[in-house]
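Any read-out appearing in this document is the output of simple, stated calculations on the displayed coordinates, not a laboratory observation. If you're wondering where the values come from, they're calculated on a predicted model, not measured in any experiment. Reconstructed Cβ throughout: ideal geometry from the backbone, glycine too, with neighbour counts over all protein chains shown.
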Amino acid sequence: TQLFVSEQNKIAIDGRRKIACANFSLPLRNKSCSEIRISIYEERRIGMNDRYQTPLAERYASKEMQYIFSPDKKFKTWRRLWIALAETEKELGLAITDEQIEELKANKDNINYEDAKRREKEVRHDVMSHVYAYGLQCPKAKGIIHLGATSCYVGDNTDIIIMTEALRLVRKKLVNVI
């Protein structure tokens with residue numbers, strides 16, 4: 001397959017399809033299209049986790065909006081939800097200690113993406129891979145992370161939180177325009 005790489009537009013074309021990305025490493029001229037897709041995917045997963053990345057977001061979304069939909073925001077929200085769950089379960093009488101909750105809080109913003117990525121390749125489950133990765137950082141609290149919850153607990157609640165924050169940002173910007 002012949003590959004064309006436009007450095008100005010950062011688009012790779014393999015004859016039939018465009019592979020668009022805001023940030024990929026050049027030169028790509030001697031790589032296959034699947035290698036490029038993999039390198040783009042890896043760069044997005046490992047690289048800039050503090051903002052949502054697509055060609056459209058890079059061009060049209062504000063930095064604030066990109067952060068709201070970023071992996072960092074998503075996984076930090078998951079951790080906040082797991083802390084709230086543990087606090088509520090402790091309040092309801094489950095055998096959860098203050099020490100376990102403090103350990104969770106101490107590591108809530110330190111997302112270990114590499115551990116989660118490795119685990120996700122094994123279990124093929126994003127939530128369980130992040131439960132495992134958080135447990136590596138919080139060995140005393142490992143057994144209470146996500147205790148009694150389903151994947152929808154973090155997935156659906158995070159979606160609602162993110163959409164609410166995004167709509168608040170849109171409202172704020174619209175009010176400023178009006």
Over 29 Å (Cα to Cα) - which of K74/K172; K121/K173; K117/K173 fall in this group: K121/K173; K117/K173
Highest average packing first - 143-151, 160-168, Cβ atoms within 10 Å: 143-151, 160-168
